[in-house]
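Below: one structure, written as structure tokens.
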Amino acid sequence: MALKMFQAQIKLLRFLFLLIVIYGEVEHVYGVWPMPQQITQSTERYLLNPRVFALSYANDSMAQSGCSVLDVAFKRYFKLIFPDFAHGTGGPGFTNIWSEPEPFTLVVSVRTGGCEGYPDEGSNESYNLTVSARQAALRAESVWGALRGLESFSQLVYQDDSSAYFVNKTEIEDYPRFQFRGLLLDTSRHYLPVNSILSTLDAMAYSKFNVFHWHIVDDPSFPYQSSTYPDLSNKGAFHPMTHIYTQSDVRRVIAHARLRGIRVLPEFDSPGHTLSWGKGQPDFLTPCYKGDVPSGSFGPLNPTLSSSYQFMSDLFKEVTSVFHDSHVHLGGDEVDFTCWKSNPKVQAFMAKMGFGSDYTKLESYYMENILNITAALNKISIVWQDVFDYHEHIPKDTVLEIWRGTPAEIRAELGRITLAGHRVLLSAPWYLNHISYGQDWRNAYTVQPQNFSGTEQQKELVIGGEVCMWGEYVDATNLVSRLWPRACAAAERLWSNEKKTSSVERAFPRLKDFRCTLVRRGIQAEPLFFGHCKHEYSGL
């Protein structure tokens with residue numbers, strides 16, 4: 001009799017414990033960064049046990065087992081959803097007293113295939129996610145949308161103080177506001193190891209960025225190892241063996257990005273920013289003169305020589321075969337005309353072409369030739385705004401990127417470029433290499449990309465933007481802390497509904513929580529203000 005009473009008491013204690021575990025903290029509803037377009041959550045929550053949790057394909061899904069993107073994503077997100085379990089530190093604390101855990105399945109359905117392809121500008125990233133008892137249903141148009149939905153689900157899962165995992169009843173309907181949500185890394189001014197780039201791609205996926213803009217070469221160094229012109233890196237890189245990106249390295253970056261739904265956009269900036277190119281390519285740069293004699297220094301590439309265009313054509317044939325994206329960035333910014341003006345052969349060419357003393361016409365001549373080269377390779381060009389400012393005749397499909405100006409000047413430039421019918425990217429407000437004391441993420445968060453005078457048709461030509469991390473004072477030692485979570489502010493601005501995310505004060509606690517998520521995932525994002533993360537020193 002006493003034994004039966006004892007067993008009954010044990011059962012009652014177990015029942016009460018489970019009630020506390022399941023219904024304790026019901027007021028805490030967990031969010032997603034960036035904010036979904038529509039999200040409805042309940043305080044009703046479900047206990048998750050990693051031992052009986054599964055990710056699977058729906059019967060009606062066009063993607064099934066063998067889909068490279070999602071098969072790998074299922075494994076990756078299981079580890080992100082259950083970090084303790086994945087890292088071998090044990091399962092949730094309730095497993096010893098709950099002998100029969102409830103199974104839970106996340107079922108994924110994709111309407112179109114495309115498992116082996118690459119994301120592009122037309123990729124559909126929309127998804128719907130429904131979380132209910134014992135099951136979550138994720139429906140997406142494409143595998144790229146499914147990836148975004150998996151990320152959102154992973155952020156919905158949380159742990160209580162007993163380390164048990166939970167997810168709240170949730171309905172999400174989501175899609176990105178802008179199709180282009182980029183992040184630029186400069187790997188010329190300081191070489192960034194491949195692992196640093198891969199880690200950045202991981203963090204980009206957590207924030208739903210979808211374009212890695214690889215500013216791979218510039219004046220200081222030429223780390224891209226060209227198979228067509230190997231001397232470019234042999235003589236132009238900081239070191240020809242240790243500070244280069246081999247063809248294998250590039251393929252590794254592209255493959256890593258693809259599995260996270262991220263495009264890789266290469267930039268080979270010219271005619272300026274090319275000093276490192278000249279070390280491995282003779283007669284490429286313009287010799288500068290002092291009076292009637294060469295000064296021994298060099299300026300931008302020489303746009304008067306046919307050999308310059310043959311070289312650029314050969315290089316871009318290689319580049320466009322290595323990088324799979326439909327777009328290529330041609331640069332075209334900050335061309336210093338001083339050297340061109342000093343060179344007598346360039347002066348003679350100017351006279352022959354009828355350019356007078358207007359060297360913007362010489363740059364225009366060069367850029368038009370380069371744009372024709374990339375068009376012949378079936379690539380759409382992206383250029384910095386300087387090209388538009390100096391030239392009237394550029395192909396209509398050329399994308400312009402605004403990188404400079406005061407807020408008023410940026411609005412005026414947006415109006416001019418869209419009135420001319422060009423698509424626009426905005427990066428000027430998101431130069432995160434500029435830092436200041438305090439919460440400067442707030443400045444990035446309050447940017448309004450379509451706030452300029454123009455028609456609705458003009459505003460639709462603003463296809464997105466990107467954060468830029470230029471490398472004068474950034475290498476692998478401080479890249480992560482400078483980028484994150486500051487870049488997350490721009491990520492939400494580019495993904496989410498602007499009206500629903502207009503309050504910096506309401507964003508702060510959400511971003512603070514998301515920063516802790518990044519830290520737990522191994523991204524050493526800097527703190528927003530005082531406080532702590534529950535798992536902030538894990539793995540450090």
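Things worth noting here:
- Hydrodynamic radius of segment 156-211 by the Kirkwood approach over all distinct alpha-carbon pairs: 14.7 Å.
- Carbon and sulfur %, accessible surface of segment 322-454 computed with the full protein complex present, 1.4 Å: 51 percent
- DSSP bridge pairs, the chain: antiparallel proportion in percent, nearest 5: 35 percent
- Rounded Å value of the spacing that divides the Cα centres of segment 159-238 and segment 264-339: 25 Å
- Whole-Hz Karplus values for segment 292-302 come out as 9, 10, x, 8, x, 9, 9, x, x, 4, 8 Hz, taken residue by residue from phi with 6.51 cos²θ - 1.76 cosθ + 1.60 and θ = phi - 60°; glycine and proline positions read x.
- 21 Å Cα-Cα threshold exceeded, pairs from Lys235/Lys379; Lys459/Lys500; Lys279/Lys379; Lys79/Lys534: Lys235/Lys379; Lys279/Lys379
- Rounded accessible area per residue of segment 155-305, 1.4 Å, Å²: 33 Å²
- Computed over the alpha-carbon atoms, the chain gives an Rg to Rh ratio of 1.05, Rh here being the Kirkwood radius from the mean inverse distance.
- Taking amide H atoms as placed 1.01 Å from N in the peptide plane, the amide H of Asp186 lies under 5 Å from those of Met469, Gly471, each 5 or more residues away in sequence or on another chain.
- Histogram of C-alpha separations across segment 182-301, 5 Å bin width, %: 2, 12, 20, 21, 16, 12, 8, 5, 3, 2, 1, 0
- Ranked by the mean number of other Cβ atoms within 10 Å of their residues, highest first, the peptides 471-484, 297-310, 140-153 come out as 140-153, 297-310, 471-484.
- Secondary structure note: in segment 202-354, about 35% of the DSSP beta bridges are antiparallel.
- Cα gyration tensor, segment 327-441 - rounded (a/c under 1.5), prolate or oblate: prolate
- Using θ = phi - 60° and Karplus 6.51 cos²θ - 1.76 cosθ + 1.60, couplings along segment 183-193 (whole Hz; Gly, Pro as x): 9, 9, 10, 9, 10, 9, 5, 9, 6, 9, x
- Total lysine pairs in segment 284-363 at Cα distances under 15 Å, for residues eight or more apart or on different chains: 5.
- Amide H contacts of Ala136 (H built 1.01 Å from N, under 5 Å, at least 5 apart or other chain): Thr105, Leu106, Val107
- A P(r) calculated from all alpha carbon pairs of segment 232-314, with 10 Å bins opening at zero, reads 15, 36, 30, 14, 4, 1 percent.
- For Val462, the residues whose modelled amide H falls within less than 5 Å of its own, excluding neighbours fewer than 5 places apart on the same chain, are Val424.
The values are calculated or read from the model by the stated rules, or taken from the named source; none is laboratory data. Note that the structure is predicted; figures quoted are calculated from it, not measured. Reconstructed Cβ throughout: ideal geometry from the backbone, glycine too, with neighbour counts over all protein chains shown. Just the protein is used for accessible areas: all its heavy atoms, side chains included, with ligands, DNA and RNA removed. Shrake-Rupley method; radii C 1.70, N 1.55, O 1.52, S 1.80 Å.
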